[in-house]
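The values are calculated or read from the model by the stated rules, or taken from the named source; none is laboratory data. These numbers were taken from a predicted model, which means no experiment stands behind them. Neighbour counts are summed over all protein chains in view; Cβ atoms, including those assigned to glycine, are modelled from backbone coordinates with ideal geometry. Each accessible area value is taken on the protein alone, full model and side chains, heavy atoms only, with ligands, DNA and RNA left out. Shrake-Rupley method; radii C 1.70, N 1.55, O 1.52, S 1.80 Å.
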Amino acid sequence: MASVVLSEAEKVYIVHGIQEDLRVDGRGCEDYRCIEVETDVVSNTSGSARVKLGHTDILVGVKAEMGTPKLENPNEGYLEFFVDCSANATPEFEGRGGEELATEIVNTLYRIFSNESTIDVKSLCINPREHCWVLYVDVLLLECGGNLFDAISIAVKAALFNTRIPKVRVLEDEEGSKEIELSDDPFDCIRLNVDNVPCIITLSKIGCRHVVDATLQEEACSLASLLLSVTSRGTLTCMKKLGNGSLDPESIFEMMETGKRVGKTLHTSLQKILDKEESLGTTRQKVGFLG
């Protein structure tokens, strides 16, 4: 994880400000930084999104490929996650420096999407036991400015919302052999329902209070954080603690309630942005470096 070195005076300044619900950049404890979301930024993918959260920059691409269903779920498709920590994001990721963080992010994403209600994986099945759609979700960390998990979860949801999977038909001839026919119409595709895809809300305990969307400087002042996976209805699907510090039960319950409240607001704002991008269609002006 990218980190910064702060003096004791700087840490005291940050902690005392948070106790008064006033952070260094002027936000309150439950406020996010400005979030920029752009979809359909990579042309050779089934869906893509780029998210900028403060100085954190994430690019996600989704590629739909035909594969074989898993033995334990013969009538379902599935998702595969891969995370690349670019050395451009921070010098700490040079060589194999980002492998541990990448593995942690991948495991967190698998845990979130292991819930059956998150994505309708049965709709990804083409022919039970033989063919299904496999969604390869590639996450690239372009810049690290704090609060990585939240930004990645937003980018993954936006990319899945933007994903278009071609419609196929299974044809069977007189001999019983099966063939797969791809639709000639490029606009004849399947869209994923992402209503139940959760976003991660990270709450960092700093002093006696907790904050959402911590910057790198604030993360340096926090000894423990709580990752909450929250759906658009405010349902908590999983929880994970980060850091070496401890959290008392009362703080955990307070953080859970804050996470649910902030999560619902985040989902509402994100859906408005995604719907607006969708309504613009090809007239939308691309502002990213890939535009």
Original post:
Can you give the charge dipole size of region 106-151 about its Cα centre, rounded to the nearest 20 debye, using +1 on the beta carbon of Lys and Arg and -1 on the beta carbon of Asp and Glu?
Top reply: 200
Subject >> Under the Karplus curve 6.51 cos²θ - 1.76 cosθ + 1.60, θ = phi - 60°, whole-Hz ³J(HN,Hα) for region 202-219, x wherever Gly or Pro sits >> reply: 9, 10, 9, 7, 10, x, 9, 10, 10, 10, 9, 6, 6, 7, 4, 5, 6, 4
Original post:
Which loop GluC sites (Glu not before Pro) in region 101-156, with loop taken from DSSP, have no more than 12 other Cβ atoms within 10 angstrom of their Cβ?
Top reply: 116
**OP:** For region 73-78, just list the computed ³J(HN,Hα) in residue order, Karplus coefficients 6.51, -1.76 and 1.60, θ = phi - 60°, integers in Hz, with x standing in for Gly and Pro.
**Re:** 10, x, 10, 9, x, 7
Subject >> Calculated FRET efficiency for the pair residue 173/residue 104, C-beta based, R₀ 35 Å, to 0.05 >> reply: 0.10
**OP:** Hey, can you find the accessible area per residue of the chain for me, probe 1.4 Å, expressed in square angstrom?
**Re:** 52
Original post:
Ranked from highest to lowest mean number of other Cβ atoms within 10 Å per residue, what is the order of the peptides 49-58, 67-76?
Top reply: 49-58, 67-76
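Students often get this wrong, so check it: of 63/167; 157/276; 11/260; 122/178; 52/122, which have C-alpha atoms separated by over 24 Å? Intermediate results must be reported in sequence, preceding the final value.
Values: 63/167 15 Å; 157/276 15 Å; 11/260 28 Å; 122/178 20 Å; 52/122 32 Å.
Checking Cα-Cα distances, 11/260; 52/122 exceed 24 Å.
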**OP:** State the label only: which of [x] 19.5, 57; [y] 25.8, 79; [z] 20.7, 80 corresponds to Rg and Dmax of the Cα atoms in Å computed from the shown model?
**Re:** [z]
Subject >> FRET efficiency estimate (nearest 0.05) - Cβ-Cβ, residue 111 to residue 16, R0 45 angstrom >> reply: 0.80
Subject >> Derived scalar couplings ³J(HN,Hα) [region 127-138; Karplus, 6.51 cos²θ - 1.76 cosθ + 1.60; whole Hz; x for Gly, Pro] >> reply: 9, x, 6, 10, 9, 7, 8, 10, 9, 8, 9, 9
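So for each of 157-170, 249-262 I average, over its residues, the number of other beta carbons within 10 Å; can you give me the resulting order with the highest mean first? Intermediate results must be reported in sequence, preceding the final value.
On the way: 157-170: 20.2, 249-262: 16.1.
Per-residue mean Cβ counts within 10 Å order the peptides as 157-170, 249-262.
Using unit Cβ charges (K, R positive; D, E negative) and no other charged atoms, how large, in debye to the nearest 20, is the dipole of the chain about its Cα centre? Kindly include the intermediate steps, with their values, before the conclusion.
Numbers: 30 positive and 47 negative charges, 143 e Å.
In debye, rounded to 20, the chain gives about 680.
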**OP:** Anything in the chain that counts as a DSSP H helix reaching 20 Å or more along its axis (C-alpha) with Kyte-Doolittle mean of at least 1.6? List them, would you?
**Re:** none
Subject >> region 37-180, accessible surface, carbon-and-sulfur percent (1.4 angstrom probe) >> reply: 44
Subject >> Positive-pole candidate from 182, 51, 136, dipole of the chain, charges at beta carbon >> reply: 51
Original post:
Between residue 187 and residue 8, what FRET efficiency follows from the Cβ-Cβ distance if R0 is 45 Å, with the result rounded to 0.05?
Top reply: 0.15
Subject >> For residue 190, residues with placed amide H under 5 Å, excluding near neighbours >> reply: 165, 167
**OP:** Would you grab the residues whose amide H sits under 5 Å from the one on residue 31? Only those 5+ places off in sequence or on another chain, please, with H modelled 1.01 Å from N.
**Re:** 212
Subject >> Separation in nanometres of the label points that stand 7 Å from Cα toward Cβ, at residue 209 and residue 122 >> reply: 4.7
Subject >> For region 121-256, with +1 on Lys and Arg beta carbons and -1 on Asp and Glu, the positive-most of 206, 154, 126 along the dipole >> reply: 206
Subject >> Rg/Rg_ref, region 143-243, where Rg_ref = 2.2 N^0.38 Å and atoms are Cα >> reply: 1.68
